[in-house]
Every structure is written in C-alpha cells, then in structure tokens.
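> Just dropping this structure here.
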Amino acid sequence: MDNMNYVTAVARIRANENYLLQRADIDRLITAKTPGDALRVLADKGWNTESGDLNGTLRAENDRLWSLIRECAPDFGAFSALIVENDFHNYKAVLKGTVTGTDYDGLLLSPCITPVSELKKAVSERSFEHLPSYMREAASEAFDALAHTGDGQFADIRLDRAMLEATLELAEGSGEDFMKKLAEIIVAAADLRIAARGAKTKKPRQLLELAIAPCPTLEKQALLAAALQGTDILAEHIEHTPYAEAAAAMRETAPSLAGLEKWCDNAAVSYAAEYRYDPFGIAALAAFILSKRNEIKTARIVISAKRAGIGEEEIRGHVRKTG
C-alpha cells in the first residue's frame, strides 16, 4: 500500500496520543488510596469507568482503541499480526468452555480475524479444516489433548506456539518491513520468557521443545540447550544474541525473573517507539496500539496489586512501558 495513505491516519493518532497515560498519571494510579480512587484517575483521562468494574473498564478501553484504528487505518488487515493472539485466546476459551460445560462468553476478546462462530463450529463438529491454515493443526491437537486425555497444559502450550508462528506468518504476509521486524521481536521476547521460566523451574526438554517457537533472530536448539543448564548459563547465552539487553535485565533482578519479564513486556513497545513520529506508514499506528495495550496492562497490574494490598514500591517494579 502507498504509505502516503497513512498521513491522515497518523495525524489522527498523534492527536490521540495526548490522552495516553503519562508518567504523572501512572504515579497517581500507584499512589491512589483505593482501587476506586485509581479508577477515578482513569476516568479523568477519558476512560469509560461506568461499569465500576476493572475488567469492564479495561474491555471498554480496548474496544475504544480498536474502534479508532478501524476508523482511521487505510488497511485494518495490516495489523493482523497484532490481532491474531486474540483468535488463539478465543479458541482456548471456546474449547475449554465446551469441554467443561462452562460459560465463556465473558472471556472472548476482540478484535479477531476468525469469527467466534467459526471457532464454535470447529469444536462442536470436531472439524478444523475451515479454520485458517496457521491455526488448523494446533486447534485439532489441542482438542484431542483436552477432550480425550484432559491435558490442558499441552493444549495451552501447543496453541501458544502456533500463535507465535502465526504472528510471524501474518507479518511476513503484510509486506511491511516494520511489521516483520516487530513480529520477530514479539516472538523473540516470548521465547526468551519461556526459556527463562523453564530454566528457573527446571522444565524438561520435551516441554520446552514444544513451547519455544522458531524465530529468525534466535537459534532454537542453542536457546533450549542453555535453558536446560539453568538461568546463569541462559543469561550468558542471551548476551550473545541480538537481545543482550534482556540478559542485563535478567541479571539485574536475579534470582527473580522480574527484570526479564519487564524487558519482554517492553521490547516491542521500545522498538515501535523509535518510529512513532514517522508520518508515512504503518509504524506510528502500530506504536500507538502497543503503547495502549501496555497502558491497559499497566492499569490492570496497578489496580489488581492495590486490591491485593501490595505496596507502592513493589507495584512500581511491575509497571510497563507505555510509550
């Protein structure tokens, strides 16, 4: 697509950046006396808090984000690599809800590429050939694991890896170099998180082999071998990849993985932020989407932590980058 088509869209996004949470707003969230006070901070920034419920507020803000992108993006499909995780989440919700006979409507996410009706049909009819090619095999295997053996862990891991592979595939299909690189970073961050958690909890090779997705900027077998030797060896290995900053973050909070977890959550936002002022392409819109998603995640972290009675300093350690 001619990148000139994005000029008007970028201008509108830039105007909406004024409503993103700034550092002072996040500080107000953190220092709010009660979760209700924190919700009022969000209301002051234009968030819809009429439900009085955290989940309802976050869902409304997510809907507002994607409504804006639909309205102004020349090609909404160009963001498929950032949307497809919702499809896999929804498939998990439909699959588990159907198998256990529990309601899942409140768990479904939007936007999505594959209509929920198609996911329901696939599960109810045990027929997966009409699902997208990047979902088909994993959906079938997850169904068999959960329905026949009750192995929910395998189902989750198999679908999560397929989601990462789909992220790369859809970014490649977008024809946008920025999206391809962004997808690589998203998948790399996920792989590093999986490897680090596996190293810390001493997960077996078979499970890590299943969970870690192929990534152009990481050598899977080398990452796997390092993870099996523990967190110190893993950090040393990561230091010699394009993600040396992740190793530094990991060491900074060792033996806790908090530093690495935070780096992984911020990696895509940090990359996209470098392009947020580009008026001629998709990058500024993608940067806004990622910033807004981390903003929503930050609101969830802060208010949930307040409900749990966690102190302000500990909360600050978990706050994510929003731009």
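The values are calculated or read from the model by the stated rules, or taken from the named source; none is laboratory data. In this text, all values refer to a predicted model and were calculated from it rather than measured experimentally. Virtual Cβ from ideal backbone geometry, glycine too; neighbours counted across all protein chains shown.
> For region 86-145, give me the residue count where each residue is of a type in the set (S, T, N, Q) and under 23 Å from Pro214 (Cβ atoms).
Qualifying residue count for the region: 4.
> Turning to a different aspect of this structure: Within the bounds of region 295-313, is there any residue that is polar (S, T, N, Q), assigned to a helix (DSSP H, G or I), over 25 Å from Glu184 (Cα atoms) and in the same structural domain as Ile13 (by TED's automatic domain parsing)?
For region 295-313, residues polar (S, T, N, Q), assigned to a helix (DSSP H, G or I), over 25 Å from Glu184 (Cα atoms) and in the same structural domain as Ile13 (by TED's automatic domain parsing): present.
> Scan region 267-281 for residues that are surrounded by fewer than 19 Cβ atoms within 10 Å (Cβ to Cβ) and out of contact with any Gly (no Cβ under 9 Å at 6 or more places or on another chain) and jot them down.
Ser270, Glu274, Tyr277, Asp278, Pro279, Phe280
> What are the residues in region 5-32 that are exposed (fewer than 14 other Cβ atoms within 10 Å of the Cβ) and closer than 13 Å to Thr298 by Cα, if any?
Gln22, Arg23 - these are the residues of region 5-32 that are exposed (fewer than 14 other Cβ atoms within 10 Å of the Cβ) and closer than 13 Å to Thr298 by Cα.
> Can you find even one residue in region 228-241 that is touching a strand residue (DSSP E or B) at 6+ places or on another chain (Cβ under 8 Å), closer than 30 Å to Asp278 by Cβ and not in a helix (DSSP H, G or I)?
Checked region 228-241: at least one residue is touching a strand residue (DSSP E or B) at 6+ places or on another chain (Cβ under 8 Å), closer than 30 Å to Asp278 by Cβ and not in a helix (DSSP H, G or I).
> So, in region 81-138, of the ones that are touching a Phe, Trp or Tyr at 6+ places or on another chain (Cβ under 9 Å), among the polar types (S, T, N, Q) and outside any helix (DSSP H, G or I), which residue ends up surrounded by the most Cβ atoms within 10 Å (Cβ to Cβ)?
So, considering only residues that are touching a Phe, Trp or Tyr at 6+ places or on another chain (Cβ under 9 Å), among the polar types (S, T, N, Q) and outside any helix (DSSP H, G or I), the one surrounded by the most Cβ atoms within 10 Å (Cβ to Cβ) is Thr114.
> Report whether or not Ala225 is at pLDDT 95 or above, closer than 28 Å to Glu274 by Cα and in a helix (DSSP H, G or I).
For Ala225, the condition - at pLDDT 95 or above, closer than 28 Å to Glu274 by Cα and in a helix (DSSP H, G or I) - is not met.
> Among (1) among the aliphatic types (A, V, I, L, M); (2) buried (at least 21 other Cβ atoms within 10 Å of the Cβ); (3) outside any helix (DSSP H, G or I), which single condition is Leu164 missing?
(3)
> Now a separate question. List every residue pair whose Cβ atoms lie under 6 Å apart, where the two residues are 6 or more positions apart in sequence or sit on different chains, the first residue falls within region 189-208 and is in the same structural domain as Gln221 (by TED's automatic domain parsing), and the second residue, located anywhere, is β-branched (Val, Ile, Thr) and modelled with pLDDT of 95 or more.
Going by the 6 Å Cβ cut-off, the qualifying pairs are Asp191/Ile212; Ile194/Ile212; Ala199/Thr231; Lys200/Thr231.
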